[in-house]
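**Student:** Here it is, the structure, as structure tokens.
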């Protein structure tokens, strides 16, 4: 075992504080990574506050991890010490179900292993990226290009893949009309990806003040959803809507903006079921779907695309001891668009 240090929540709603713990030794198929940066995800707050239930404490959050390989096991072939590497939301899965065989480990029939707050195959509890190092089986470690700004890469491991996966699954391509609902950590990446794919991108927002930011991120159009006339102008218009909003809402007016066979993909998790009139689906054979992060192969594809197209997150870099303040600011949407911890400050 290796002595490690990080920040942990000792109990639900308790402030995060310094925490010493042990990482497993590097096994034959493992990679040890010195963590350089870790993104702060909204789900970290939900987990730390046990808002989804089932949280395990003490909890070291963090699943948007980038760093440098320091040690590899005897059977590791894809990484060597000194390589840049990333770890996202998963550190293992059963590896033998149909979903895993298709590279869709996030949908593992037997339950994938989360990067933190999960029970690992050996019965231990996983600790995440708010720490100085992590040991992960090789299959779940990702290659990161030296061309990219590491701090801005970190959020790609969750916010990035969460928005990349539905764009790929629903075949977004040049000329398609793609709408993005919500311009936060997820939404700003959806805008960047869709624009880089050559889509016509529209941001649907309740906040007129976000128009300049939306355009700067690559959006071609901006629609204030509280403006009835503006919403009429996009009726039967979009091929795909990426919905990143986590607030309860009536989806009916948004569904009406989809073309024949258009799809809205839900990425956010509202506390209450959304409202919807079925006729608006039936009338144009529209669809509502959901999507959860992405598999390892798809995540690597996304990182390679980002390196080729210079796509990265917009971030605010923080010290480790600022994390509790960052959580409060994030709950007020007071960040553009993702906090990233510099682990050199641990």
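The values are calculated or read from the model by the stated rules, or taken from the named source; none is laboratory data. What you see is a predicted model, and the numbers here were worked out from it, not measured in a lab. Ideal geometry is used to build each Cβ from the backbone, glycine not excepted, and the neighbour counts take in all protein chains shown.
**Student:** Only one of these is crowded, with 17+ Cβ neighbours inside 10 Å, on the phi > 0 side of the Ramachandran plot and in the same structural domain as residue 28 (by TED's automatic domain parsing): 103, 129, 117, 123. Name it. Full working, then the answer.
**Tutor:** On the way: 103 fails: crowded, with 17+ Cβ neighbours inside 10 Å; 129 fails: on the phi > 0 side of the Ramachandran plot; 123 fails: crowded, with 17+ Cβ neighbours inside 10 Å.
It is 117.
**Student:** Ok, one more. Residue 79: at pLDDT 95 or above and either under 21 Å from the mean Cα position of the chain (by Cα) or surrounded by fewer than 19 Cβ atoms within 10 Å (Cβ to Cβ) (or both), yes or no? Before you say what the answer is, go through the steps one by one.
**Tutor:** Values: at pLDDT 95 or above: yes; either under 21 Å from the mean Cα position of the chain (by Cα) or surrounded by fewer than 19 Cβ atoms within 10 Å (Cβ to Cβ) (or both): no.
No; evaluated as a whole, the condition is false for this residue.
**Student:** For the subset of region 45-76 comprising residues that are in contact with a helix residue (DSSP H, G or I) (Cβ under 6 Å, 6 or more places away or on another chain) and surrounded by fewer than 21 Cβ atoms within 10 Å (Cβ to Cβ), which member is modelled with the lowest pLDDT?
**Tutor:** The selected residue is 52.
**Student:** Could you grab the pairs with beta carbons closer than 8 Å, sequence gap of 6+ or different chains, first residue in region 214-235 and more than 23 Å from residue 284 (Cα to Cα), second one part of a loop (DSSP other than H, G, I, E, B)?
**Tutor:** Partner pairs satisfying both residue conditions: 214/183; 217/183; 217/314; 224/206; 224/207; 226/206.
**Student:** Collect the residues in region 149-191 that are without any contact (Cβ under 8 Å) to a residue 40 or more places away in the chain and surrounded by fewer than 24 Cβ atoms within 10 Å (Cβ to Cβ), keeping them in residue-number order.
**Tutor:** Across region 149-191, the qualifying residues are 171, 173, 174, 175.
**Student:** Pick out the one residue from 144, 178, 203, 135 that is in contact with a helix residue (DSSP H, G or I) (Cβ under 9 Å, 6 or more places away or on another chain), closer than 30 Å to residue 25 by Cβ and modelled with pLDDT of 95 or more.
**Tutor:** Values: 178 fails: closer than 30 Å to residue 25 by Cβ; 203 fails: closer than 30 Å to residue 25 by Cβ; 135 fails: in contact with a helix residue (DSSP H, G or I) (Cβ under 9 Å, 6 or more places away or on another chain).
Going through 144, 178, 203, 135 in turn, just one is in contact with a helix residue (DSSP H, G or I) (Cβ under 9 Å, 6 or more places away or on another chain), closer than 30 Å to residue 25 by Cβ and modelled with pLDDT of 95 or more: 144.
**Student:** Touching a strand residue (DSSP E or B) at 6+ places or on another chain (Cβ under 7 Å), farther than 13 Å from residue 257 by Cβ and surrounded by fewer than 19 Cβ atoms within 10 Å (Cβ to Cβ), is that true of residue 198? Before the answer, list the steps.
**Tutor:** Details: touching a strand residue (DSSP E or B) at 6+ places or on another chain (Cβ under 7 Å): no; farther than 13 Å from residue 257 by Cβ: yes; surrounded by fewer than 19 Cβ atoms within 10 Å (Cβ to Cβ): yes.
No; evaluated as a whole, the condition is false for this residue.
**Student:** While we're on this one: Within region 311-346, take every residue that is in contact (Cβ under 8 Å) with a residue 40 or more places away in the chain and out of contact with any helix residue (DSSP H, G or I) (no Cβ under 8 Å at 6 or more places or on another chain) and give me the one that is nearest to residue 36 (Cα to Cα).
**Tutor:** If we take residues in region 311-346 being in contact (Cβ under 8 Å) with a residue 40 or more places away in the chain and out of contact with any helix residue (DSSP H, G or I) (no Cβ under 8 Å at 6 or more places or on another chain), then 344 is nearest to residue 36 (Cα to Cα).
**Student:** So is residue 179 in a helix (DSSP H, G or I) and touching a strand residue (DSSP E or B) at 6+ places or on another chain (Cβ under 6 Å) or not? Working first, answer last.
**Tutor:** Numbers: in a helix (DSSP H, G or I): no; touching a strand residue (DSSP E or B) at 6+ places or on another chain (Cβ under 6 Å): yes.
Answer is no for this residue.
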